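The values are calculated or read from the model by the stated rules, or taken from the named source; none is laboratory data. None of the values given here were measured: they were computed from a predicted structure. Cβ coordinates were reconstructed from backbone atoms using ideal geometry, including for glycine residues, and neighbour counts include every protein chain displayed.
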Number of protein chains: 2
Amino acid sequence: MALKLRGTVGSSATFRALAALYEKDLDFDFVPVNLSDKENKSPQFLADHNPFGQVPVFEHDDLKLFESRAITKYVAETFADKGTSLIYKDPKKSAIQTVWMEVEAQKFDPTTSKLGWEIVLKPIFGMTTDESVVAEFLKKLEPVLDVYEKRLTECKYLGGDSFTLADLHHLPNLHYLMGTKVKSLFDARPHVSAWASDILSRPAWVKVASMLPK
Amino acid sequence: MALKLRGTVGSSATFRALAALYEKDLDFDFVPVNLSDKENKSPQFLADHNPFGQVPVFEHDDLKLFESRAITKYVAETFADKGTSLIYKDPKKSAIQTVWMEVEAQKFDPTTSKLGWEIVLKPIFGMTTDESVVAEFLKKLEPVLDVYEKRLTECKYLGGDSFTLADLHHLPNLHYLMGTKVKSLFDARPHVSAWASDILSRPAWVKVASMLPK
């Protein structure tokens, strides 16, 4: 069994896949992809790894997968008995977990990715944060977090009573935003705040985050 | 077994769920939700059906689900032996199908939903289409369709050799855009064009589309 993840340290999507691999306690090769050199846009990368020119790309023997959430799902299902169980086997619990995975992908991610771009990434690239865009997306994030707050009074994690992919998928964007003023929106909601602290302190995530330059 | 779908005729997400239910040849109650009256934002709807105040919402006995792609996945898995098989059982084929379901959700849907809003919905609501936004999103759609064109030379459908949820999820936005100038982007790519015609002519989809006022 040969497992390989091609990706880039710091990329939210790469970190999402890495978090799942570490939670499952799997041995794998990590192959860095240099986005600054546009290695991901080379004809070879497009033909062999991902036609969209993005990271991460996962290989399990002859199977190649891209899209981080497809990778985490495959890893969770294929290595169901290793490490942390990241999915429910019961069909109804699994369906509820899927609802909250969709909420992350459709509601949390588009909003927090935009905030991360404006507040965290633009300054790194020497660009200026557009405060009107920040204000617009903070306004979009608030009602999402209100729903999370209510949900987390009903069960400990978004997908149910245990930590699953429905929580894990939030980790990269959560991590980046916790170092910004967006944190105050989480702090204002006690269950959301406790959930964020809980999942960000998981050893698998701490291991991922430690890959970032100090 | 009691199945119920609450939704709104014309809503892309409702139509996505309906397409899956018709493909599976299931008996279900369709309960119309009046978005013009903001029925979906009423305290009762938010508490009982979907805290985000959106359609569709699906009920199977005591299980309630929202998010259209979570609904189609549950329907496809739970009623695997009824009607059209919309998922692969083989784990590797299933993983590839999931990649293309993610591509739809992350790449096709954000772009085509924006185009649908500008070109189809704004005029209905008496608003003016912003042609600069249209141009921006046509430019984003082109490379996605280029990848689709290549993919569809390799296999008949996006997820593999048979029609699955990876194709079905595209239907509502495809349907709306085929009546607009965006169709020319599909026409320019023979495999994409043939694929779109094929899946739009499926009896289950024709049944969904016939619910629209003439």
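Of all the helices (runs of 4 or more DSSP H) wholly in segment A:1-107, which have at least 1 residues that are within 13 Å of residue A:165 (Cβ to Cβ)?
A:12-23, A:68-78, A:91-103
Give me the residue from segment B:97-110 that is surrounded by fewer than 22 Cβ atoms within 10 Å (Cβ to Cβ) and touching a Lys or Arg at 6+ places or on another chain (Cβ under 7 Å) and, out of that set, farthest from the other protein chains (Cβ to nearest Cβ).
The selected residue is B:105.
Got a sec? Which of A:140, A:207 is surrounded by fewer than 21 Cβ atoms within 10 Å (Cβ to Cβ) and either over 22 Å from residue A:15 (Cβ atoms) or at pLDDT below 95 (or both)?
A:140
For every residue, the table says whether it meets (1) among the small types (Gly, Ala, Ser); (2) at pLDDT below 95; (3) surrounded by 15 or more Cβ atoms within 10 Å (Cβ to Cβ).
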{"position": "B:8", "(1), (2), (3)": "no, no, yes"}
{"position": "B:16", "(1), (2), (3)": "no, no, yes"}
{"position": "B:21", "(1), (2), (3)": "no, no, yes"}
{"position": "B:28", "(1), (2), (3)": "no, no, yes"}
{"position": "B:37", "(1), (2), (3)": "no, yes, no"}
{"position": "B:72", "(1), (2), (3)": "no, no, yes"}
{"position": "B:76", "(1), (2), (3)": "yes, no, yes"}
{"position": "B:88", "(1), (2), (3)": "no, no, yes"}
{"position": "B:95", "(1), (2), (3)": "yes, no, yes"}
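What pairs come out if I take residues in segment B:1-28 that are touching a residue at least 40 places away in the same chain (Cβ under 8 Å) and of a type in the set (D, E, K, R) and pair them with residues that are assigned to a helix (DSSP H, G or I) and buried (at least 24 other Cβ atoms within 10 Å of the Cβ) whose C-beta lies under 6 Å away, six or more apart or interchain?
Partner pairs satisfying both residue conditions: B:16/B:68; B:16/B:172; B:24/B:75.
With (1) among the basic types (Lys, Arg); (2) free of Cβ contacts under 8 Å to residues at least 60 places away in the same chain; (3) within 11 Å of chain A (Cβ to nearest Cβ) as the list, and residue B:93 as the residue in question, which single condition is left unmet?
Here residue B:93 meets the rest and fails (2).
Say whether the condition of being of a type outside the set (A, V, I, L, M) and more than 27 Å from residue B:99 (Cβ to Cβ) is met by at least one residue in segment B:63-73.
Yes, there is a match, as at least one residue in segment B:63-73 is of a type outside the set (A, V, I, L, M) and more than 27 Å from residue B:99 (Cβ to Cβ).
Just checking, how many residues over segment A:111-137 are hydroxyl-bearing (Ser, Thr, Tyr), without any contact (Cβ under 8 Å) to a residue 40 or more places away in the chain and surrounded by 18 or more Cβ atoms within 10 Å (Cβ to Cβ)?
Qualifying residue count for the region: 1.
Considering A:191, A:175, which residue is surrounded by 13 or more Cβ atoms within 10 Å (Cβ to Cβ), touching a residue at least 24 places away in the same chain (Cβ under 8 Å) and closer than 22 Å to residue A:8 by Cβ?
A:175
So if I check each of A:161, A:167, which one is within 20 Å of the chain's Cα centre (by Cα) and surrounded by fewer than 14 Cβ atoms within 10 Å (Cβ to Cβ)?
Every option except A:161 fails the conditions.
Name the single residue that is nearest to residue A:195 (Cα to Cα) among those in segment A:109-150 being aromatic (Phe, Trp, Tyr) and touching a helix residue (DSSP H, G or I) at 6+ places or on another chain (Cβ under 8 Å).
Top of the filtered list is A:148.
List pairs: first in segment A:60-86 and more than 15 Å from residue A:25 (Cβ to Cβ) and within 7 Å of chain B (Cβ to nearest Cβ), second among the basic types (Lys, Arg) and part of a helix (DSSP H, G or I), Cβ under 8 Å, 6+ apart or cross-chain?
Matching pairs, first to second residue: A:63/B:92; A:69/A:16.
Residue-wise test of (1) out of contact with any Ser or Thr (no Cβ under 6 Å at 6 or more places or on another chain); (2) closer than 21 Å to residue A:113 by Cβ.
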residue: B:56; (1), (2): no, no
residue: B:79; (1), (2): yes, no
residue: B:113; (1), (2): yes, yes
residue: B:126; (1), (2): yes, no
residue: B:130; (1), (2): yes, no
residue: B:136; (1), (2): yes, yes
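Against the definition (over 19 Å from residue B:95 (Cβ atoms), of a type in the set (A, V, I, L, M) and in contact with a strand residue (DSSP E or B) (Cβ under 6 Å, 6 or more places away or on another chain)), how does residue A:9 come out, yes or no?
Against the criterion (over 19 Å from residue B:95 (Cβ atoms), of a type in the set (A, V, I, L, M) and in contact with a strand residue (DSSP E or B) (Cβ under 6 Å, 6 or more places away or on another chain)), residue A:9 does not qualify.
Can you name the residue in segment A:123-153 that is over 30 Å from residue B:48 (Cβ atoms) and among the polar types (S, T, N, Q) and, of all such residues, is nearest to the other protein chains (Cβ to nearest Cβ)?
A:132
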